[in-house]
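Below: the structure, in structure tokens.
We did not get these values from a lab; they are worked out from the coordinates using the rules stated. This is a predicted model, so every value here is computed, not measured. Here the Cβ positions follow ideal geometry from the backbone for every residue, glycine too, while neighbour counts run over all protein chains shown.
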Amino acid sequence: MPKDRDGQDDWVTSRNNVGGAVLSMAAFLGSVMLTMESPVYAVSGGGGMGTSLSFSDFSGQDLSRKNFNKADLRGANMTGTSLEGAQMFGAICSEAKFVGANLRYADLESADLEGADLSNAVLEGAMLTNTQFRAIKSIEGADFTDALIRKDVAKALCGLESAKGTNPETGVDTRESLNCGP
């Protein structure tokens, strides 16, 4: 077996070099993890608190760009609340009240809005892919302009009795914003 310049077998030297490299890498990664100021979340969804805020009263508050990912917002009162750009991926919003709420550019992907009231809400540019609208209480006066919503879901919303009215803030007709047609 060949020897290195210290007289040891070459495989011993190689093993020691690899072991040292592994330890150096582990130390580096450990120091990087300790200096990180905040966790890293996925682009769409991910992370989230899973926080229970059910039946909370947030009416009239400015909660723009806040993180409600996977939060339990059952029965929460969001009347007149600004949730512009809020992250609500996978949030449970059943029976929540979003009357006149500003949900512009909010991420409601995979949120559960069963029985929620979206009367006069502004959902302009909101992400509504895979959002659950089963038995929604009302969308009267809601503005869905440029919202990302599946065509079959928009069609189902167009079929609701409450798919009527004009949003008092934007002046946009609910049926027009959903592209319901005549």
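With K and R counted +1 and D and E -1, the other residues having a Cβ less than 11 Å from that of I139 yield a net charge of -1. Pairs exceeding a 20 Å alpha-carbon distance, out of K97/K137; K66/K137; K97/K155: K66/K137; K97/K155. What is the ratio of the Cα radius of gyration of region 50-108 to 2.2 N^0.38 Å, where N is its residue count, to two decimals? Computed over Cα atoms of region 50-108, the ratio equals 0.94.
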